[in-house]
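Report on the structure given below.
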Amino acid sequence: MFVLDGGSFQYETAMMVFGKVDGETHQRVFTPIYAFETEEGWVLYDTGWPPEAVPMLVELGMDPKIGEENSAVEQLKKIGLAPSAVTKIILSHLHVDHAGGLQFFPDAQVYVQKDELAYALYPNSFQALAYFRETFTAPDIKWEVMDGDGVILPGLTTILANGHTPGLQGLVVELPKSGFILLCADACYLRENYELDLPPGNVWNPVLAQYALKRYKALQALLGARFFPGHEYDFFTKEIDITQPFE
């Protein structure tokens, strides 16, 4: 498993931790893209930002550090891969920072929850800005529409963890040496969400979002898994070494 650097931006802390209005008002957050080597080719979990979204982030005052080098294609080049090596893409959800690189992988099968795909096409107004229809409405996308948990390949199991969006799915990873790792995506932006049982502030349904955190905790205890929050900048830049693969 490789953790690829999809860039970073400033985000309101209250959008990441439900009800938090004191302390830091903004934090820099990291955008991970995960790549897995499997017997059936390479698999991605999320695809990062599309280049056309960066001017919007600048306009919103979010200070993006997202260049061409942070695209999924350029990040894969750093580990010696072409886009054609990717046979499957698992999307945690369809927000623009997770589905923005789909355009670069027209031949890959794309796994998404059915409730997520339906909602992304017609979101509520308070979530509409986070979806860029042009990133996921190309007619040639090879959708594999899921309905709940599912084993994609041995060692890669999706877990329905909705709440942030109607169809967010986390990923349970089993690696030969590292064992189990829980990739939480936006069901848990920061370790603070996990430790305090507080869902993100930017949620479609906060009750379901809290249940998702509890489910992750149960899985971690059951599997003895390592836990990766979705966007915590210090975790990805200080706590782990993303220059080395997890084996």
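Coordinate-derived values only; no laboratory data. Note that this is a predicted model, so its numbers are computed, not measured. Every residue, glycine as well, gets a Cβ built from its backbone with ideal geometry; the counts of neighbours run over all protein chains shown.
Over 23 Å between Cα atoms, which of LYS214/LYS238; LYS20/LYS65; LYS88/LYS114; LYS65/LYS238 qualify? LYS214/LYS238; LYS20/LYS65, as the Cα separations exceed 23 Å there. Neighbour counting of Cβ atoms within 10 Å sorts the residues HIS26, HIS98, fewest neighbours leading, into HIS26, HIS98.
Each Lys and Arg Cβ is given +1 and each Asp and Glu Cβ -1; about its Cα centre, the chain then shows a dipole of about 380 debye. In the stretch 2-239, taking the dipole from charged Cβ atoms about the Cα centre, the farthest positive-side position among VAL172, PHE104, LEU94 is held by VAL172.
Would you mind telling me which residue in GLY100, GLY148, GLY224 has the biggest mean-square fluctuation in a Gaussian network model of the chain, where springs connect alpha carbons within a distance under 10 angstrom? Comparing GLY100, GLY148, GLY224 in a Gaussian network model of the chain, the most mobile one is GLY224.
Helical content alone sets the calculated 222 nm signal of the chain at -5500 deg cm²/dmol, taking -39,500 (n - 2.57) per DSSP H segment of four or more residues and averaging over every residue. Model label sites at LYS77 and LEU60, defined 7 Å from Cα along the beta-carbon direction, differ in position by 2.7 nm. Is the shape of the stretch 117-247 rounded, prolate or oblate, going by the alpha carbon gyration tensor and its root eigenvalues a ≥ b ≥ c, with a/c under 1.5 for rounded and a/b larger than b/c for prolate? In terms of gyration-tensor shape, prolate. The alpha carbon gyration tensor of the stretch 69-168 gives principal lengths a ≥ b ≥ c with a/c of 1.5 or higher and a/b no greater than b/c, which makes the shape oblate. Under 20 Å from a point placed 7 Å out from the Cα of GLU69 along the Cα-to-Cβ direction: which residues of the stretch 9-42 have their backbone N that close? So the set is 9-10, 28-35. Among VAL151, VAL110, a tally of other beta-carbon atoms within 10 Å of each Cβ gives an order, fewest to most, of VAL151, VAL110. Computed extension length for LEU196-TYR122: 23.4 nm, one decimal, from 0.36 nm per residue of separation with the Cα-Cα distance subtracted.
Write down the percent of antiparallel bridges among all DSSP beta bridges whose residues are both part of the stretch 2-239, to the nearest 5. For the stretch 2-239, the DSSP antiparallel bridge percentage is about 65.
When the chain is modelled as a GNM with alpha-carbon springs shorter than 10 Å, which of ASP234, ASP140, ASP97 fluctuates the most? Fluctuation is largest for ASP140. A protection proxy built from the mean count of other Cβ atoms within 10 Å ranks the segments 155-164, 214-223, most packed first, as 155-164, 214-223. Computed over the chain with a Gaussian network model linking Cα atoms closer than 10 Å, the most mobile of LEU44, LEU168, LEU60 is LEU60.
Once C-alpha pairs closer than 8 Å and six or more residues apart are averaged by separation and normalised to the residue number of the stretch 2-239, the relative contact order reads 18 percent.
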